[in-house]
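Read through the structure below, which is laid out as structure tokens, and then see the notes.
Where a number appears in this text, it was derived from the coordinates with a stated rule and is not lab data. All of these numbers come straight from a predicted model, not from anything done at the bench. Don't worry about glycine lacking a Cβ; one is built from the backbone with ideal geometry, like all the others, and counts go over all protein chains shown.
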Amino acid sequence: MAVSRRPVRAGNENQLGIKKVALIGAGKLGEGLLSGLLQSRMIPASHVEVTVAHAERAEALAEKYGVKAHTSNARAVAGADLVILALKPQQVKGFLREVRSKLRRDALLISAAASVTTSLIERQLGHPARVIRAMPNTPCLIRQGMTSLARGQHATPEDVDLARQIFSSMGRAVVVDEKHMDAITGLSASGPAYVYMIIESLAEGGVKMGLPRELSTELSAQTLLGAAALVLETGEHPAKLKDIVTTPAGCTIDGLLELEEGGLRVTLIKAVVRAAQRAKQLVEGQNS
Ligand SMILES: NC(=O)c1ccc[n+]([C@@H]2O[C@H](COP(=O)([O-])OP(=O)(O)OC[C@H]3O[C@@H](n4cnc5c(N)ncnc54)[C@H](OP(=O)(O)O)[C@@H]3O)[C@@H](O)[C@H]2O)c1
């Protein structure tokens, strides 16, 4: 991801007992997972092998994270007991065909590709592979992610526990039924983009009212962070927390009126629905 961060090099910890992790695809999401995983210190960098499409990108990743990085998927999966897949959905079938004969039959495969079902992966591999589908989001980069996990038919409860341990180290992780994965993609995987737009827009409001942009952005982002934390920590319904802010005849109710008139709720609901519908199509590479 093109955001600044400190280089991360893990120590010698290997809390999960995994000997080799192959991370296939280290783009916007994959690099976030790599960074989150190493920061968690659950798996040392020396146990991680990363692949990308471009050799120069591989060199940059190796330098930055101290992992082995190259462009050969077959080499990366050879001997790996855990394979994490962060390729574009339409590339997954080709990857599976490419590595089928090299992949250990007892390897655990965690796929973060939107739209790609565990049964598709199992069919492509042609053996009872242990597959877990994960839907993380980019805040995994700073260990504030939200990941949903679904178990394929041959993955064991221990595999789910392992995946949960890995993704919990990068934020929150929940186990769900796979039928919910497209909806989850439209909500928590695409969601950071919606939230950035909201942060940006609130900040614009502050700028419009004369606040310096930097201050306005900080106020806006921390307001979202704090409000979200209050929902999670208190377990209260968001409507109740909203009512606490809204003094009768005060200023918040005027702001809320504007949001209702502008259709904020309907717009956000429709955004999730549209993105979830699109998520169903990605694996086939459909453009419309
Ligand atoms: N972005 C998100 O917020 C997000 C959230 C949840 C799930 N996902 C899922 O994560 C997956 C990746 O999305 P992304 O946004 O990270 O895409 P991306 O930025 O385009 O990353 C794709 C990565 O795959 C690499 N790659 C391409 N062909 C390859 C090959 N044949 N072998 C090995 N590596 C190859 C690319 O290498 P180069 O860097 O050298 O080009 C790049 O690092 C998608 O399936 C998406 O549905 C993404």
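With the charge dipole of the chain set up from +1 on Lys and Arg Cβ and -1 on Asp and Glu Cβ about the Cα centre, the Cα lying farthest toward the positive end among the listed residues ALA129, LEU34, GLY152 is that of ALA129. Coordinate range of the alpha-carbon atoms in the range 106-242 per principal axis, descending: 63, 29, 24 Å. THR51 sits among other residues whose Cβ lies under 15 Å from its own Cβ, and their net charge, with Lys and Arg +1 and Asp and Glu -1, is +1. P(r) tail for the chain: Cα pairs beyond 35 Å make up 25% of the total. Cross-link pairs exceeding 24 Å in C-alpha to C-alpha distance, out of LYS93/LYS280; LYS88/LYS280; LYS64/LYS280, comprise LYS64/LYS280. Reported to the nearest whole Å, the Cα centre-to-centre distance from the range 112-165 to the range 38-61 is 20.
Pull up the DSSP beta bridges for the chain and report the antiparallel fraction as a percent, rounded to 5. Counting only bridges with both partners in the chain, antiparallel ones make up about 15 percent.
Only lysines eight or more places from LYS242 in sequence, or on another chain, were considered; those with a Cα closer than 29 Å are LYS208, LYS270. If I require 30 Å or longer along the helix axis, counting alpha carbons, and a Kyte-Doolittle average no lower than -1.0, what helices from the chain are left? Use full DSSP H segments. Helices meeting the criterion: 213-234. Using the Kirkwood formula over every pair of different C-alpha atoms, what hydrodynamic radius in Å results for the range 191-282? Result for the range 191-282, one decimal place: 15.0 Å.
Considering the range 21-181 at the alpha-carbon level, its Rg and Dmax are found to be 14.2, 39 Å.
Can you give the convex hull volume of the alpha carbon atoms of the range 136-210 per residue, in Å³? Mind dumping the intermediate values first?
Details: hull volume 6.0 nm³, N = 75.
Once divided by residue count, the hull of the range 136-210 is 80 Å³.
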